[in-house]
C-alpha cells in the first residue's frame, strides 16, 4: 500500500485552504499570517520559498514576487489537528544585518499594532516603517 | 464624536471570528493557534488570560479551564489588515522552570510535527510528550 501523501495528511478547510504562520527563524518574530492551498504548499516545498494563496486576488502568490522580499523556508511544522502550518523562515530582500521587511506597509512584521491603555483601549502602531512602500512596490 | 471601540476595529470574518496566534513571551515559541469572537476577545482583555471561541463546541473556551494550563496574556498585537491577532503569553500550569504545556497531547507546543525527508516527505512528531493527557484531563 502506498503511504499517504504528506499533502493528504493536512485537513484543508471548506475552501481548500490552511492557515499559515510565518516565523522568522533568527529572531523568533512572527512576521506574517497567510493562507495556502494544496498547490501553494506543494510549490513552497519544491521551491524552498513561501508561496501563499492570495484570497483577495484568488491566485498563487510567491511572496516577494513584486517587492523582492522573498521568504526562505527552513522548516515546516504542522499542528496537532493537522489544520495549521508554521513556517520557520528567513525574510529576504534587505541589506545583511538589517531587519527583513515582511509587511506591505514597509515594516518588519505585520503585527505592528499593540493594544494600549490610554484614555481608552486602542490599537497603536509601535513598529517603525523601515522602507517607504512606494519604494518597495514600483 | 466617540472614538471607535477597539473591538470594532477588528475585521471579523463571515462567522464573526478572528484567527489568534499564541506565542510564548519567554521563549518566542509559537505554541497554539485558535479563534476568538468578540465576546472571547473582550473577556481575554478583562481577565488577562486567553479565552478562545471553540468552533467544535460552539462556546467560549477559557484555555486551561479543565487542564489548569491557562495562558497569561502580556500583550496583544493586531496585524496590518486588522484581521489576525498575536498574543504574547505565559503558558501556566507546570512547575516553575519546566516548559509549559499548551497542547492537548501533553506537548509544549501544538506545532510538534515537522516535515521530514526520509523515503519520502512525511510529517514526524519531533517534540516529546511532557505529561500524559490522561493525567491532564481527569
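Every number in this text was worked out from the coordinates using simple rules, so none of it is lab data. Here the structure is a predicted model, which is why all the values come from computation and not from measurement. Every residue, glycine as well, gets a Cβ built from its backbone with ideal geometry; the counts of neighbours run over all protein chains shown.
Overview of results
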| quantity | calculated |
| --- | --- |
| Label geometry 7 Å along the beta-carbon vector: residue B:138 inter-copy distances in nm | 6.6 |
| Highest-MSF residue in chain A out of A:114, A:55, A:77 [GNM, Cα springs under 10 Å] | A:114 |
| Cβ neighbours within 10 Å from other chains - mean over B:79-85 | 6 |
| The range A:19-58 and the range A:61-115: distance between their alpha carbon centers, rounded to Å | 8 Å |
| Of A:38, A:107, A:57, the one that fluctuates the most in a GNM where chain A has Cα springs shorter than 10 Å | A:57 |
| Label 7 Å beyond Cα on the Cβ vector: residue A:75 copy-to-copy distances, nm | 2.2 |
| Relative contact order %, the range B:74-138, counting alpha carbon pairs below 8 Å whose residues are six or more apart | 20 percent |
| At 1.567 mPa s and 4 °C, Stokes diffusion of the range B:30-109 via Kirkwood alpha-carbon radius, µm² per second | 99 µm²/s |
| Column: log10 I(q)/I(0), Debye, Cα scatterers of the protein assembly as shown, q = 0.09, 0.14, 0.15 Å⁻¹ | -0.42, -1.06, -1.22 |
| Burial ordering of A:8, A:122, fewest other beta-carbon atoms within 10 Å first | A:8, A:122 |
| Residue order, fewest to most surrounding Cβ atoms within 10 angstrom, among A:127, A:116 | A:116, A:127 |
| P(r) of chain B over all Cα-Cα pairs, binned every 10 Å from zero, in whole percent | 11, 38, 32, 15, 3, 1, 0 |
| In degrees, nearest ten, helix B:38-47 long axis to first principal axis of chain B (Cα) | 80 degrees |
| Chain A Cβ-axis minimum, rotational copy B, residue and distance in Å | A:28, 1 |
| For chain B, calculated [θ]222 nm from helices alone, where every DSSP H run of n ≥ 4 adds -39500 (n - 2.57) | -2500 deg cm²/dmol |
| Exposure proxy order (Cβ contacts within 10 Å, fewest to most) of A:52, A:112 | A:112, A:52 |
| The range A:26-79: relative contact order in percent, alpha carbon pairs under 8 Å with at least 6 residues between | 27 percent |
| Selected from A:115, A:41, A:85 as most flexible by GNM, with chain A as the system and alpha-carbon contacts under 10 Å | A:115 |
| Over chain B, relative contact order from alpha-carbon pairs under 8 Å, at least 6 apart, % | 19 percent |
| Calculated label separations, residue A:16, copies of the chain, 7 Å along the beta-carbon direction, nm | 3.1 |
